[in-house]
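Working notes, structure below.
Coordinate-derived values only; no laboratory data. Just so you know, these numbers come straight off a predicted model, no measurement behind them. Quick reminder, even Gly has a Cβ in these numbers, built from the backbone with ideal geometry, and neighbours come from all protein chains shown.
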């Protein structure tokens, strides 16, 4: 029983630390590399800050690829 509790603790710890790292990475990426056209940058920063790792994941999967593709044109 103690092993299961320890494993659950480790899984939660890894997910928490990983989510926080993703959150910081996407926040810095958005703040430094997103163009300041209108309110787009501000809105994405608010999404990332207020939705924490879910907002960071949305930014990573939705906006970041579009921004990278726009730079390649």
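Go through [x] 15, 22, 21, 20, 17, 5, 0; [y] 20, 41, 20, 12, 6, 1; [z] 18, 33, 24, 15, 7, 3 and flag the label whose value is the computed P(r) over Cα pairs in 10 Å bins from 0, in percent for this structure.
[y]
Rounded to the nearest 10 degrees, what's the angle between the helix 2-33 long axis and the longest principal axis of the chain, both from Cα atoms, 0 to 90?
10 degrees
So, in nm, how far is label residue 13 from label residue 58 when the simple model puts each one 7 Å beyond its Cα toward the Cβ?
With each label point 7 Å from Cα toward Cβ, the separation is 3.1 nm.
So what is the relative contact order for the chain, in percent, with contacts set as C-alpha pairs under 8 Å and at least six apart? Write down the numbers at each step before the final one.
Values: 37 pairs, mean separation 21.5, N = 73.
Relative contact order, the chain: 30 percent.
Points 7 angstrom from Cα along the Cβ direction at residue 2 and residue 49: gap in nanometres?
4.5 nm
With n ≥ 4 as the cut-off for DSSP H runs, can you work out [θ] at 222 nm for the chain, using -39500 (n - 2.57) per run divided by the number of residues, rounded to the nearest 500? Walk me through the intermediate numbers first.
Working: 3 runs with 60 residues, N = 73.
The helix contribution divided over the chain gives -28500 deg cm²/dmol.
Provide the FRET efficiency to the nearest 0.05 for the residue 25-residue 66 pair, computing r from the beta carbons and using R0 = 22 Å.
On the way: r = 18 Å, r/R0 = 0.80.
So, using R0 = 22 Å, E works out to roughly 0.80.
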